[in-house]
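A short worksheet on the structure shown next.
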Amino acid sequence: MANDPVITVRDLVCRFGDQTVLDGVNLDVHEGEILVIMGGSGSGKSTLLRHMIGTFIPDGGNVEVFGNDLASLDEHGINRVRRQFGILFQSGALFNSMSVADNVALSLREHTDLDPDIIEFIVKIKLEQVGLREAADKFPAEISGGMKKRAGLARALALDPKLLFYDEPSAGLDPVTSASIDQLILDLAKKAGATSVVVTHEMDSAFVIADRMAMLDKGKMLMVEKREVFEKLRDWPLGQIDELDERQQLIRQFLRGDADGPLTKRKEDSSYAEDLLGIETPRLSRGPSVHSSKE
């Protein structure tokens, strides 16, 4: 990508006790792009996101946002950087005691000296951007899950951020609502020129919105490439699967959601007794139960 990195992640390590959640992750996020970070449950993608927003301090390596090493900043410095980005949390994370409009206005009231009339004007603009202006006076309990996501996005946009983080934006939504959220992400990237980082395991959404994609597996970065490279792997013919190495086969299985492949074999090779009792048990070798034919 020609544009300068907005986020730089270098040799990032995160541990919780004896468990290594991120193991030497490297990643650049370039200005103006939509980067999708994906991976299975427990792969480390949400932990990576939390390092990018400064919630977690690395056990090794570093994360820079807008040229600032987050781990070296005090609370004032972190807050200064955070004012330059917005976050759409998985649940929307709205305050139930506030109306939709008040939720959107909160950051404007906290971080600016704008006149209340100006704040009200900005809130109407942000709600219109996400198609929620008529729900301004409703409370979170009175709106649907998709509307909560859009309200959360309007709040994330309140300070006109240069960078947007989305944590599972399509999770728990029906296909039509999910598609509308995807379109909002694309429109914001195009019209506002914001850089976007989207954490998701929803492959339909990922291939619609991504400029580039990054895949994590067991805390390691498997691949960071343009969407077209991942599309080629996803569509790779089953009859030519032996031409791919194990890493590529693993990525292909994840992208397609196939029942058989390296991910499945890895689960089969893990021993329940070993995990439960902490002992080693002999493993039985087994061949495939179904032999696939060439496509």
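General remarks:
- Estimated distance in nm for a label pair at E142 and H30, the labels positioned 7 Å out from Cα along Cα-to-Cβ: 4.6
- Helix content alone sets the calculated 222 nm mean residue ellipticity of the chain: runs of n ≥ 4 DSSP H residues at -39500 (n - 2.57) each, divided across all residues, give -11000 deg cm²/dmol.
- Region 1-92: C-alpha gyration tensor shape, a/c 1.5 cut-off, then a/b vs b/c: rounded
- Ordered by the count of other Cβ atoms within 10 Å of each Cβ, fewest first, V176, V123 give V176, V123.
- Sequentially through region 144-161, phi angles give Karplus couplings (6.51, -1.76, 1.60; θ = phi - 60°) of 6, x, x, 5, 4, 4, 5, 5, x, 5, 4, 5, 5, 8, 4, 9, 6, x Hz, Gly and Pro residues having no value and appearing as x.
- Compared with the direct C-alpha span, the chain from R234 to I118 gains 36.9 nm at full extension, assuming 0.36 nm per residue.
- Here's how it looks for I87: its modeled amide H is under 5 Å from those of F165, which are all 5 or more places away or on a different chain.
- Cβ-to-Cβ counts within 10 Å put R212, R133 in ascending order as R133, R212, the fewest first.
- For the listed residue pairs K232/K267; K191/K267; K149/K267, the alpha carbons are over 32 angstrom apart in K191/K267; K149/K267.
- Among K220, K126, K190, K267, the order by Cβ neighbours within 10 angstrom, fewest to most, reads K267, K190, K220, K126.
- GNM flexibility winner over the chain from K191, K232, K149 (Cα, springs under 10 Å): K191
- Tensor-based shape of region 84-170 (alpha-carbon gyration tensor, a/c under 1.5 rounded, otherwise prolate or oblate): oblate
- Once backbone amide H atoms are built at 1.01 Å from N, G61 has V13 as its partners under 5 Å, excluding neighbours fewer than 5 places away on the same chain.
- 3J(HN,Hα) along region 192-198: 9, x, 6, 7, 10, 10, 10 Hz, from the Karplus curve 6.51 cos²θ - 1.76 cosθ + 1.60 with θ = phi - 60°, whole Hz, x for Gly and Pro.
- Reach of K148 by Cα under 20 Å, taken over aspartates and glutamates that are not fewer than 8 positions away in the same chain: D102, E120, E128, E134, D137, D160, D167, E168, D174, D182, D187, E202
Every number here is computed from the coordinates shown, using simple stated rules; none is lab data. On a predicted model such as this, the values are computed, not experimentally measured, just so you know. Positions of Cβ are backbone-derived with ideal geometry, glycine not excepted, and every protein chain shown enters the neighbour counts.
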